[in-house]
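A quick write-up on the structure given underneath.
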Amino acid sequence: MRFTDNENVIKLFGITNQFTEFDLDRVEKEYQIDLGRKKSKAEKDNIYYPQFELAVRKEAKNMAKHYEIFYCLEKSIRDLISTTLETTGENWWDNKVPQTVKDEVKKRIQREKDSGVTVRSDEPIDFTTFGELGEIIKSNWTIFQTIFNSIKAVENVMRQLNTLRGPIAHCSKLAEDEELRLQITVRAWFRLME
């Protein structure tokens, strides 16, 4: 069977794409990254999501990037605090955290236990807010002053993050200028450690 030039081009295109997909699979596996080429099982099995209005789905997709930033930022701040205070050699949660923060965390843990849901973590710091994380840093400033350049700046940035977190955590759209404020505040957080 003889192929025409057009058929050969199409066949060559298909083979080239297969090799490209193979190479991309290898890169994703080797570097443990997701290039977003494959739909996740959750996307394929989605039953309820398509029933929501398109405008709401678009808004959710736009807001998801802000949630990801907050998730990463909050986790990294908690890790920074834990790691830093662990170096004191003490039971840092009991000895270095203000009592008001410990009391609030204890209430949140109990609420989760009482609600019958799986408790989110075994680590008390995972129940803290941005404001409380700022209080932990402030109350241990002699330790954290080697990491951050200004206690007032830490207070300011943590206050901004706590305020900006509200709309994201409670499914409200961020205004365009608040999106910019979020970017600036995240930059300010990293600038605190320069």
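The values are calculated or read from the model by the stated rules, or taken from the named source; none is laboratory data. No experiment lies behind these values; they were computed from the predicted model shown. With ideal geometry, Cβ positions are generated from the backbone for all residues, glycine too; neighbour counts draw on all protein chains shown.
Restricting the stretch 161-178 to residues that are surrounded by 11 or more Cβ atoms within 10 Å (Cβ to Cβ) and among the charged types (D, E, K, R), which is nearest to residue 130 (Cα to Cα)?
165
So if I check each of 173, 113, which one is of a type outside the set (Ser, Thr, Tyr), assigned by TED's automatic domain parsing to the domain that holds residue 68 and more than 22 Å from residue 68 (Cα to Cα)?
Only one candidate qualifies: 113.
Output the number of residues of the stretch 67-95 satisfying the condition of being free of Cβ contacts under 8 Å to residues at least 24 places away in the same chain and part of a helix (DSSP H, G or I).
Number satisfying all stated conditions: 11.
Based on what the data block shows, is residue 129 without any contact (Cβ under 8 Å) to a residue 12 or more places away in the chain and of a type in the set (Val, Ile, Thr)?
Answer is no for this residue.
Give the stretch 70-109 a look and list any residue that's over 18 Å from the mean Cα position of the chain (by Cα) and acidic (Asp, Glu), or say none.
86, 90, 94, 103, 104
Which residues, taken from the stretch 182-194, are surrounded by fewer than 16 Cβ atoms within 10 Å (Cβ to Cβ) and either more than 20 Å from residue 149 (Cα to Cα) or polar (S, T, N, Q) (or both)?
Result: 183, single match.
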